[in-house]
1. Among the candidates K15, K34, which residue alone is in a loop (DSSP other than H, G, I, E, B), at pLDDT 90 or above, of a type outside the set (S, T, N, Q) and surrounded by 12 or more Cβ atoms within 10 Å (Cβ to Cβ)?
2. Answer with yes or no whether K55 is at negative phi and exposed (fewer than 14 other Cβ atoms within 10 Å of the Cβ).
3. For segment 20-31, give me the residue count where each residue is assigned to a strand (DSSP E or B) and either among the polar types (S, T, N, Q) or surrounded by fewer than 16 Cβ atoms within 10 Å (Cβ to Cβ) (or both).
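The values are calculated or read from the model by the stated rules, or taken from the named source; none is laboratory data. Quick caveat, the model's predicted, so the values are computed rather than measured. Cβ placement follows ideal geometry from the backbone for every residue including glycine, while neighbour counts extend to all protein chains displayed.
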Amino acid sequence: MDARLGDVIDDFCVKCRRLTNHSVVSLLNGAAAKVRCRTCYSDHDYRNEQAPPSKKDLKKAELFNAVLLGVAPPPAAPEEAADGVGSKKSAKKPGKPAEA
């Protein structure tokens, strides 16, 4: 169902910081583009009832990614050790004769 100017819909108000009733102020392709909060009368883009991410969560994610970039990956094991050739297990043990 297409929205009409003046229709009342629910949306997240950034100023009130909660989900409130809004009036449709502007339409774009039959859908609400701008809305006006019926509690504080502020106009903003229609957010599809989604709250924006908090600045604290964005900062935490940024710091976490910075830490991950700073951590060096573990050194790659040589292919010989992966095949079992030249590994410590096949090394000659003292006191036992070497195999031919």
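1. Values: K34 fails: in a loop (DSSP other than H, G, I, E, B).
Result of the check over K15, K34: K15.
2. On the way: at negative phi: yes; exposed (fewer than 14 other Cβ atoms within 10 Å of the Cβ): yes.
Considered against the rule, which asks whether it is at negative phi and exposed (fewer than 14 other Cβ atoms within 10 Å of the Cβ), K55 comes out as yes.
3. Within segment 20-31, the subset assigned to a strand (DSSP E or B) is 20-28, 31.
Still in the running and either among the polar types (S, T, N, Q) or surrounded by fewer than 16 Cβ atoms within 10 Å (Cβ to Cβ) (or both): 20-21, 23, 25-26, 28, 31.
So the count comes out to 7.
To keep it simple, each residue is scored yes or no on (1) loosely packed, with under 11 Cβ neighbours inside 10 Å; (2) modelled with pLDDT of 80 or more.
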{"position": "Y46", "(1), (2)": "no, yes"}
{"position": "Q50", "(1), (2)": "yes, yes"}
{"position": "N65", "(1), (2)": "yes, yes"}
{"position": "A72", "(1), (2)": "yes, no"}
{"position": "P75", "(1), (2)": "yes, no"}
{"position": "G86", "(1), (2)": "no, no"}
{"position": "A91", "(1), (2)": "yes, no"}
{"position": "A100", "(1), (2)": "yes, no"}
